[in-house]
Amino acid sequence: MQSLTTHSNFRRSILVLASLVFIASLGAFSAQEKTRPMIAVIPKGTTHEFWKTVHAGALKGASESGVDILWKGPAREDDRDDQIKVVESSVSRKVQGIVIAPLDEQALVPSLKEAATAKIPVVVFDSGIKWDGRSSFVATDNRRGGMLAAEELGRILAGKGKVVMMRYVEGSASTTLREDGFLSTMKEKFPTIQIVSSDQYGGATVDSAYRVAENLLNRFADLDGLYAPNESTTYACMKALTDLKRGDKVHLVGFDASEKLVAGLRAGSIDALVVQNPFRMGELAVTTMAKVIRGESVPKDVDTGCTLVTRTNIDEPAIRTVLEPPIAQWLKK
Amino acid sequence: MSTPNSLSGWARWNSTFKRLLGPSAALCVVILFFSLVAPESFCTTQNARTLSAQSVVVVLGAIGMTFVVVGGGIDLSIGSVIALSSVASALVVRAGFSSVTAALIGCAVGLMVGCVNGFLVASARLPAFIATLGTMGIARGVAKWLANQSTIYPPEDWTSSLMAKNPDPVWLLLAPGVWITIVIALAFGFVLSRTVFGAWVTSIGSNESAARLCGVPVVRVRWTTYALCGLLAGVAGVLQFHRLSGGDPTTANGKELEVIAAVVIGGAALSGGFGTVGGSIVGAILMASLSNGCNLVDWNSLGRWGVSTEMAQTLSSWFGSSGIPNYVQEILVGVVIVIAALADRRRHR
């Protein structure tokens with residue numbers, strides 16, 4: 001008898017729940033008006049300093065162009081499948097535009113195509129994608145960044161000496177461009193500078209890059225210049241130079257900024273850093289999307305710019321805003 | 001613990017219903033909640049398609065895991081097997097074979113790892129936790145090795161249709177991969193609850209020595225549970241490959257924990273002897289709905305339910321305007337797991 005009661009209780013509760021769900025779904029179809037367009041901004045992750053800076057810039061861009069943004073990264077940092085889920089839910093939400101830094105140049109294509117089918121424009125930023133349906137690509141011109149570094153190192157060495165270029169990892173598109181840009185400018189503008197090594201990969205971790213840097217410095221005892229294409233390799237080179245006490249002889253030009261690298265620049269261990277502008281990248285990505293929504297034409301590629309930071313210009317206001325963007329002003333929490 | 005075949009038909013149904021009541025009610029509450037706070041986006045056919053496509057990998061894993069868990073074991077290698085199978089299918093497609101061949105090979109790879117697990121646990125009598133911890137590492141490593149540590153992309157002209165959310169014959173309504181999963185779920189649910197093999201699995205999970213005395217071929221049955229779990233992980237890997245349109249050796253990292261959570265939320269006892277395929281699927285869909293819904297919440301739409309604008313703004317300022325942040329989502333899933341385990345404990349008292 002008791003089991004019968006439980007069973008009917010169960011059926012009753014299912015009925016109640018089902019009817020509640022039905023009522024709720026009725027509500028789903030009542031129209032709602034929105035004044036400002038809603039744009040989904042999807043980074044590769046949310047905890048890194050780089051993405052927080054992009055977030056602050058995106059908020060600035062949103063307030064400038066009168067749109068609202070939804071900042072949503074993949075639940076698991078750097079997980080392609082989770083980023084696809086975020087794109088899908090943005091389509092479900094019927095946002096007016098999707099701004100995305102794709103974790104993968106192919107895996108995200110099908111879900112972005114679905115967004116395009118649903119008439120949601122897509123602006124890609126930071127990293128490229130193998131799909132020409134995007135409205136615009138907003139990113140650092142990495143090749144130009146490498147060229148800036150080569151010009152500075154050539155100037156410091158006055159056009160002569162032996163230089164080593166460390167590479168980052170195989171198949172990393174952005175750093176390969178920074179390496180190519182460096183090499184081509186070196187060859188064109190400073191033919192008397194001898195590039196003694198340009199085929200050693202530092203690897204993804206500081207640890208591996210540090211070992212490669214030590215080996216390179218030991219191999220070339222009369223080295224004059226060193227170039228590293230990203231944050232981890234620059235830090236590894238700086239550390240190896242300091243540890244082997246070669247810092248005053250070898251000039252180091254690096255890429256990206258972090259607290260440690262800026263401190264190294266001030267202390268003289270680093271001669272110059274080429275710095276990207278993630279704040280401006282977030283801002284430009286959102287303002288470009290706002291233009292797309294308003295029906296204005298936008299360029300297929302938008303360069304967010306690289307800046308050369310040296311000991312002499314580090315305290316100029318323009319450089320300060322690149323190194324220390326007004327994050328706190330835009331990210332209230 | 002009672003085995004299903006010792007109960008009459010009605011009592012058996014009733015006991016299953018009671019077990020399913022908790023998880024189903026929880027799922028209804030979650031769906032209801034998101035229907036209220038994200039009315040325009042959660043309750044739509046497009047989102048139903050999306051949600052079903054997002055759930056298949058965990059659902060397939062959970063079906064296989066239910067067999068292993070009911071039989072008193074555990075399989076930690078699922079996530080790695082999904083990655084290995086997706087890499088294997090991608091390599092086969094890239095080598096110029098058809099998608100069907102690739103899918104079969106992906107499934108076969110899963111089955112193979114499942115058989116290795118079965119051998120280690122059932123025949124070599126290693127603790128399941130340790131044995132599958134080992135194969136978890138091995139499968140992940142082999143996947144990275146085969147893929148040369150990067151993602152394997154099939155040729156440009158290859159199109160993935162298995163996980164297309166708007167399938168080509170429109171009458172399919174859901175992605176073909178979702179239909180495959182539904183068929184597998186029905187078949188495996190039938191096997192666990194209606195066949196002698198299912199009863200054997202339950203019996204070795206609830207009391208292995210009694211099962212052996214009754215003549216149950218314990219080693220063979222246990223072997224089969226791991227093999228089935230591996231096979232389903234292989235199927236999940238093939239679908240993951242179609243979803244990502246590439247074989248990614250780092251995919252599904254930590255998926256095994258999500259799968260185990262789905263099985264536990266679905267009312268299965270981790271000590272073995274009880275669990276239903278239906279419950280585990282409800283558990284998997286519950287977790288998928290939580291993460292999907294958290295992305296869709298729009299506090300400002302609460303106005304229609306009589307919530308004041310100030311209240312909506314307060315909620316926005318707490319959680320941000322971008323719905324419910326990821327960390328809240330992780331906390332919620334953790335809370336649901338703890339509640340499910342507590343409910344299980346109460347039933348056993």
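Every number here is computed from the coordinates shown, using simple stated rules; none is lab data. None of the values given here were measured: they were computed from a predicted structure. Positions of Cβ are backbone-derived with ideal geometry, glycine not excepted, and every protein chain shown enters the neighbour counts.
General remarks:
- Which listed pairs, of A:72/B:165; A:130/A:239; A:160/A:239; A:119/B:165; A:162/A:239; A:44/A:162, have C-alpha distances above 28 Å, in listed order: A:130/A:239; A:44/A:162
- Average silhouette area of region A:42-139, convex hull of alpha-carbon atoms, in square nanometres: 5.6 nm²
- Taken along its principal axes, the alpha carbon cloud of region A:142-276 reaches lengths of 32, 31, 27 Å, longest axis first.
- Cα extents of region B:65-171 along the three principal axes, largest first (Å): 47, 37, 18
- Footprinting exposure proxy for A:160, A:245 (fewest neighbouring C-beta atoms within 10 Å first): A:245, A:160
- The magnitude of the dipole of chain A, with charges of +1 and -1 set on the Cβ of Lys/Arg and Asp/Glu and taken from the Cα centre, is near 780 debye.
- Only Cα pairs under 8 Å and 6+ residues apart enter the sum, and on that basis the relative contact order of region B:76-119 stands at 42 percent.
- Cα-centred dipole magnitude for region A:142-276, charges only on beta-carbon of K, R (+1) and D, E (-1), debye, nearest 20: 260 debye
- Between residue A:249 and residue B:172, the simple label model (points 7 Å from Cα in the Cβ direction) yields a spacing of 6.7 nm.
- When the protein assembly as shown is described by a simple charge dipole with +1 on each Lys and Arg Cβ and -1 on each Asp and Glu Cβ, the residue from B:289, A:173, B:240 located farthest towards its positive end is B:289.
- Residues whose amide H comes within less than 5 Å of that of residue A:125, counting only those at least five positions distant or on another chain, are A:100, A:101, A:138 (H built at 1.01 Å from N in the peptide plane).
- Rounded to the nearest 0.05, the FRET efficiency derived from the C-beta distance between residue A:300 and residue B:126 at R0 = 51 Å is 0.30.
- Using a Gaussian network model of chain B in which every pair of alpha carbons under 10 angstrom is joined by a spring, one finds that among B:73, B:254, B:267 the greatest mean-square fluctuation is at B:254.
- Charged side chains reduced to their Cβ positions (Lys and Arg at +1, Asp and Glu at -1) give region B:33-348 a dipole of some 840 debye around its Cα centre.
- Under 5 Å, built H, 5+ apart or other chain: amide partners of residue A:195: A:163
- Among A:236, A:221, A:209: highest mean-square fluctuation, GNM of chain A, C-alpha pairs under 10 Å: A:221
- Its Kirkwood hydrodynamic radius, worked out from the mean inverse distance over all distinct Cα pairs, puts chain A at 22.2 Å.
- Over chain B, relative contact order from alpha-carbon pairs under 8 Å, at least 6 apart, %: 31 percent
- Projecting label points 7 angstrom from Cα along Cα→Cβ for residue A:266 and residue A:194 puts them 3.8 nm apart.
- Lys/Arg +1, Asp/Glu -1 at C-beta; region A:217-333 dipole; positive extreme among A:251, A:288, A:274: A:288
- Note on the protein assembly as shown: helix-only mean residue ellipticity at 222 nm, from DSSP H runs of 4+ residues weighted -39500 (n - 2.57) and normalised by residue number, equals -19500 deg cm²/dmol.
- With contacts taken as Cα pairs under 8 Å at a separation of at least 6 residues, chain A carries a relative contact order of 19 percent.
- Over all distinct Cα-Cα pairs of region B:33-348, the Kirkwood formula returns a hydrodynamic radius of 20.5 Å.
- Signed unit charges on C-beta, dipole axis of region A:142-276, positive-most listed residue A:223, A:265, A:148: A:223
- Using distinct alpha-carbon pairs, which all enter the 1/r mean, Kirkwood radius of the protein assembly as shown in Å: 27.6 Å
- When the Cα atoms of region B:184-264 are aligned to their principal axes, the ranges along those axes come out at 49, 23, 22 Å in descending order.
- When chain B is treated as a GNM with alpha-carbon contacts under 10 Å, the residue of B:26, B:262, B:139 showing the greatest mean-square fluctuation is B:26.
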